[in-house]
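The values are calculated or read from the model by the stated rules, or taken from the named source; none is laboratory data. Note that the coordinates shown come from a computational prediction; the quantities given were computed from them, not determined experimentally. A quick note on method: Cβ atoms are made from the backbone with ideal geometry, for glycine too, and the neighbour counts reach across all protein chains shown. We work out accessible area using only protein heavy atoms, side chains counted, and drop any ligands, DNA or RNA first. Shrake-Rupley method; radii C 1.70, N 1.55, O 1.52, S 1.80 Å.
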Amino acid sequence: MASDQDFRQLMRVRYDRAGDILTFSFTAQPKPAVAEEAADDMWVRYDPDTHGVVTVDILNFADRVRSAFGPQLTYHERADSQRLAELRPFEVLPGGNGSPRH
């Protein structure tokens, strides 16, 4: 089983509306990396020397969400500075359940 040290802290999540790509970044600054398709329309970029994950890209993200949840699922972006200030960075948990660890 992987230890906590085997997992990198999630640095940033970005959605490119024009390209319909959701990107999870695990480095503070962009860096050269090798990209491999891990699943249909899911790409992992990693450092070939350390094998550390640099980014994970999910292509056709909006289509995937609509397919999974239907057209009734909507998202409205809002800027709530107080709420944003309360959020803390989180790490991806071992086991891949997607729950944040505080």
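Some points to look at:
- Filtered residue count, the stretch 19-44, keeping only those that are within 18 Å of residue 9 (Cβ to Cβ) and open to solvent by 30 Å² or more (accessible area, probe 1.4 Å): 8
- Residue that is of a type in the set (Ser, Thr, Tyr), modelled with pLDDT of 90 or more and on the phi < 0 side of the Ramachandran plot, where the choices are 25, 67: 25
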